[in-house]
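Here is the structure we will look at.
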Amino acid sequence: MEVKVCFFLAILLWVLSYGESKYMIYNTSQPIVPGKLNVHLVAHTHDDVGWLKTVDQYYVGSNNSIQGACVQNVLDSLIPALLADENRKFIYVEQAFFQRWWRNQREAMQNVVKRLVRSGQLEFINGGMCMHDEAVTHYIDMIDQTTLGHRFIKEEFGVTPRIGWQIDPFGHSAVQAYLLGAEVGFDSFFFGRIDYQDRAKRKNEKSLEVVWRGSKSLGSTSQIFAGAFPENYEPPPGGFYFEVNDPYPVVQDDIDLFDYNVPERVNDFVAAALVQANITRTNHIMWTMGTDFKYQYANSWFRQMDKFIHYVNMDGRVNALYSTPSIYTDAKYATGESWPVKTEDFFPYADRANAYWTGYFTSRPALKRYVRMMSGYYLAARQLEFFRGRSSTGPSTDSLADALAIAQHHDAVTGTEKQHVANDYAKRLSMGYSAAEELVAYSLACLAESTPYTGCQNPSVKFQQCPLLNISYCPPSEINLSHQKNLIVVVYNALGWKREDVVQIPVNDEDLTVRDFEGREIESQVIPLTNVHVSLRNFYVQAYVGRTPNVTPKYWLAFPVSVPPLGFSTYTISAKAAGVLSTKSSVHKFRKDEKSNIEIGQGKLKLIFSEDQGRMIYNNNKISVQESVEQSFSFYAGYNGTLDKKSPQNAGAYIFRPNGTFSIEPEGQVPLTVTRGPIVDEVHQQVNRWIYQITRLYKGKEHVEVEFFVGPIPVDDGIGKEVATQITTKIENNKTFYTDSNGRDFIRRINLGIYIQDSKKEFSVLVDRALGGSSIVDGQIELMLHRRLLLDDSRGVAEALNETVCVRDECVGLTIQGKYYYRIDPLGEGAKWRRSFGQEIYSPLLLAFAEEDGDNWTSSHVSTFSGIDSSYSLPDNVAIITLQVLNDDGNILLRLAHLYEIGEDGDLSGMANVELKKLFPGKKIRKATEMSLSANQERSEMEKKRLVWKVEGSPGEEAKAVRGGPVDPTKLVVELAPMEIRTFVIDIDYTSIHREVFDS
């Protein structure tokens, strides 16, 4: 009571002393005060890069009938608000928006902003193009989109972001912590969404802030200080929202006006601060002063924070100050506190009972696949851009880079956006692909007609590509071949090791000859095109391309290819001639009531299907593994929460909440169709009228490929459905399963793969896109393939996840075509397949087609090419995840990733070496500079600045995980430890290359 009376008197004396003053000066310069509770006010806005509106609509403020949000207003009003008081501070995150705004500013305004950044008033936090999701994104995409933003900030402002700020993604991954946290040079990482039960427990234990060790392989060398907010990323309870139309009380401090409330508002502030202090270690707490699309009139917020800082500090019970997450982090570090250790991840996320945000692991599976396809294509296109040489005027990968970056947003690839926004993401990817496709065709033509670095300007060959090959639409391969015309297929391999695979393309002829890059005729196989492929092709080509295909191919042509690392091989397809012709597949239909077993497979791996079409025997003679396998389908009925007053939670785009599981039994006497041939054997199953499946075994391969078609999911009964497939074995895994974290460490979820094991065997499944997976029953892996729901789950999108496709006046539910792959290995041996084949799934072979008149391709073109030394390939445990020309100077960005975790494989979990000289043959490397993961600072400088946090229960200095050593500038050999990614900027002396070419 005494303190309050003194405060009131101080306020009264202060007001009277100003008497007739018309202008109020607030003291906002308060620094951190030792011994007091310091309340760090962090002014921020969270600007979704698309959600209810498209990214462009959010930026310019259009389509406001959906949501009144205009990011342009935020940035326009922010600058004068900061200039009005040098103590004010603000953080900004999403570079997709900031770069749009920056491009439209005059030089004078850009100089003002640069001064604000230098002074620390404006700080870039996180710094990626968007705030990416952490469950369904691939780690390479996460790195790429962060790099895009970080390099812009470095080039324009000369600064490197210090803090990770993933405040809205729906759960948080271990890869985010150690790769996109510590490895990019962040000192801390803050986030908003963790399970509500976990949050309550951590509040009680004062463990919302931890030291997070996301990698068991890299241990304490990649730990980071991480903090979850007490509730969310908004201001604390008590009415501290100050957008123009917010309904909360402002600080009314004019004694001449009604509703003077300074004492009440100060008491509200202090009370809220003490509540948070009681669940937080040390005398520093952070208030996130902002939320979605706030600060559209920035002064409305800063005016109130000025007053709070002024009057709260006059009161003296707590200390309030303008701050940033960087200032807050330094203050926490300075206390010398020891922090709890967190390992693994923060998944799954639930915000209340019966509300697990795991539905989005599968939502919009077509968009998820499109993003994954474009990601692998972007990796290959950058390599080809490097081999040909980057041009400042020609086609580039830039627009695809931007579209992919935006698509990583936590309301993009997640499938949690409105339909028109999903369409916008796909449109951007398509436009980016078109530009990159032109670059790829141009680069391959140059490489096929000459050697690199000779200034290829106008190659004569015009390559075409087939982005809709998955639905059997590829016009360049469907031409009618005559004796005078050949089809040239260039097959590019973006991996760092030689690749043996099978290519399938649609063709019209059955009597074809395939010759390899040496002109040798090779074995091939024609496979009848199924009705399901034809109908899917015709409908979706009309929907996507706007026209009905002129011809319908009759066959798939399958042939084996052998492609060198980072290079291509050329194959020629011609009409019937003497020699080896394509082998026609034998086709046999088995009725369901036939009592014979059906065997497919020509190598070590065989599948024996029983009379019950869902049962089979998996038999691999090479590794002495035999296992019974049963495959089935089911659907979960989406929960209708409107019928449940006690728990009114619907299933929707975010939330997986089933209302029962229902088996999908085969309808009627549908026959089992088996095709056999020298390249591939297939078993076709029509499960019902909207589920079709093809099981394949390729000659020489030791895994099973399953292609599925699901949709349109029927909803005429008014029930939304989530379709899953179950693959059941006798493995006793005790309901324990492992899935990858963003395609890297294997923990939980399923982005790349999932596996189970017992004391003898491992059963692994890899997928072609992110989707939900689990092991609910012992020995069983369940994959969620498709979702179609009829109700919104009340998380803001206000739209049911009911994807339809319309052609003219016909609208039907979306059909999904996809693939998954599985294999059974002896215990401890499955990682080799998961890691190596996982890379092949992410980086599929890139195909380009051209017509040839005559038969002189091999004599007039380069028929095979490798970008690395002909005697060299990468170690089996290392992948090139980035090879990119950075700028017109020709500097190269190179990232090498060790693919294995520590202890994952007896041989391949060890150290690996990569010889840079052999990666860049014939080129003089002037310098190889190791960089942070996002390539915005030298690694050595990053390590010098790095904060080393104390952890609980850690006596003295901890043993650090092994890391690769420094690179000798003469030998240029890079050493990689398990799970390590090393990033380099390679400076190549192009003058010496040009001189060598000229001299030759």
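The values are calculated or read from the model by the stated rules, or taken from the named source; none is laboratory data. Everything numeric in this text was worked out from a predicted model, so none of it was measured. Because the Cβ atoms are built from the backbone with ideal geometry, glycine has one as well, and the counts that use them run over all protein chains shown. Surface accessibility is based on the protein's heavy atoms, side chains included, excluding ligands, DNA and RNA. Shrake-Rupley method; radii C 1.70, N 1.55, O 1.52, S 1.80 Å.
Does segment 64-81 contain any residue that is among the charged types (D, E, K, R) and either over 29 Å from the mean Cα position of the chain (by Cα) or surrounded by fewer than 22 Cβ atoms within 10 Å (Cβ to Cβ) (or both)? For segment 64-81, residues among the charged types (D, E, K, R) and either over 29 Å from the mean Cα position of the chain (by Cα) or surrounded by fewer than 22 Cβ atoms within 10 Å (Cβ to Cβ) (or both): present. Does V244 satisfy the criteria of being in a strand (DSSP E or B) and touching a residue at least 24 places away in the same chain (Cβ under 8 Å)? Judged against the criteria, V244 is not a match. Just one of the numbered conditions (1) within 25 Å of G867 (Cβ to Cβ); (2) at pLDDT 95 or above; (3) in a helix (DSSP H, G or I); (4) of a type outside the set (G, A, S) is not true of L447: (2). Among the strands (runs of 3 or more DSSP E) contained in segment 753-811, which hold 2 or more residues that are closer than 30 Å to R537 by Cα? Here the list reads 761-767, 780-788, 804-807. Criterion applied to S222, S207, S217 was being out of contact with any Cys (no Cβ under 6 Å at 6 or more places or on another chain) and over 15 Å from V341 (Cβ atoms), and the one residue passing it is S217. For E518, state whether it is touching a helix residue (DSSP H, G or I) at 6+ places or on another chain (Cβ under 9 Å) and more than 15 Å from L469 (Cα to Cα). The answer is yes for E518.
Of all residues in segment 877-890, those being out of contact with any Phe, Trp or Tyr (no Cβ under 8 Å at 6 or more places or on another chain), in a loop (DSSP other than H, G, I, E, B) and either modelled with pLDDT of 95 or more or open to solvent by 40 Å² or more (accessible area, probe 1.4 Å) (or both) number 3.
Would you be able to say whether some residue in segment 738-745 is of a type in the set (F, W, Y) and outside any loop (DSSP other than H, G, I, E, B)? So far as segment 738-745 goes, yes, one or more of its residues are of a type in the set (F, W, Y) and outside any loop (DSSP other than H, G, I, E, B).
With respect to the conditions (1) modelled with pLDDT under 95; (2) assigned to a loop (DSSP other than H, G, I, E, B), F998 falls short on a single one, namely (2).
Matching residues to (1) of a type in the set (A, V, I, L, M); (2) touching a strand residue (DSSP E or B) at 6+ places or on another chain (Cβ under 8 Å); (3) modelled with pLDDT of 95 or more; (4) open to solvent by 10 Å² or more (accessible area, probe 1.4 Å):
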| residue | (1), (2), (3), (4) |
| --- | --- |
| L321 | yes, yes, yes, no |
| I327 | yes, yes, yes, yes |
| E344 | no, yes, no, yes |
| A366 | yes, yes, yes, yes |
| T393 | no, no, no, yes |
| A412 | yes, no, yes, no |
| A426 | yes, no, yes, yes |
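Scanning segment 506-547 for residues that are without any contact (Cβ under 8 Å) to a residue 24 or more places away in the chain and farther than 25 Å from I816 by Cα yields a count of 1. With the condition kept exactly as written, say whether any residue in segment 252-265 is farther than 15 Å from Y311 by Cα and either in a helix (DSSP H, G or I) or touching a Ser or Thr at 6+ places or on another chain (Cβ under 9 Å) (or both). No, that holds for no residue.
Of the set (1) part of a helix (DSSP H, G or I); (2) over 25 Å from M616 (Cα atoms); (3) open to solvent by less than 30 Å² (accessible area, probe 1.4 Å); (4) among the small types (G, A, S), all apply to S836 but (3).
Could you please find all residues in segment 873-886 being in contact (Cβ under 8 Å) with a residue 40 or more places away in the chain and under 18 Å from H898 (Cβ atoms)? Break it down stepwise before answering.
Taking segment 873-886 as the starting set, the residues that turn out to be in contact (Cβ under 8 Å) with a residue 40 or more places away in the chain are 873-874, 876-886.
Those that are in contact (Cβ under 8 Å) with a residue 40 or more places away in the chain and under 18 Å from H898 (Cβ atoms): S873, L874, D876, N877, V878, A879, I880, I881, T882, L883.
Looking at segment 449-468, is at least one residue open to solvent by 40 Å² or more (accessible area, probe 1.4 Å), in contact with a Pro (Cβ under 6 Å, 6 or more places away or on another chain) and closer than 22 Å to I505 by Cα? Yes, the conditions are met somewhere in segment 449-468.
With respect to (1) surrounded by fewer than 17 Cβ atoms within 10 Å (Cβ to Cβ); (2) more than 21 Å from I617 (Cβ to Cβ), the lone exception for G700 is condition (2).
For segment 249-258, check the following and say yes or no: at least one residue is within 21 Å of N204 (Cα to Cα), without any contact (Cβ under 8 Å) to a residue 40 or more places away in the chain and either open to solvent by 10 Å² or more (accessible area, probe 1.4 Å) or within 36 Å of the chain's Cα centre (by Cα) (or both). Step through it out loud before you land on a result.
Narrowing segment 249-258 to residues within 21 Å of N204 (Cα to Cα): none.
No.
Annotation note: Cβ proximity below 9 Å between a residue of segment 741-763 that is over 17 Å from K819 (Cβ atoms) and polar (S, T, N, Q) and a residue that is part of a loop (DSSP other than H, G, I, E, B) and open to solvent by 20 Å² or more (accessible area, probe 1.4 Å) (sequence gap 6+ or interchain) occurs for S741/E344; S741/R748; Q757/T736; Q757/F737; Q757/L827; Q757/G828; S759/E732; S759/L827.
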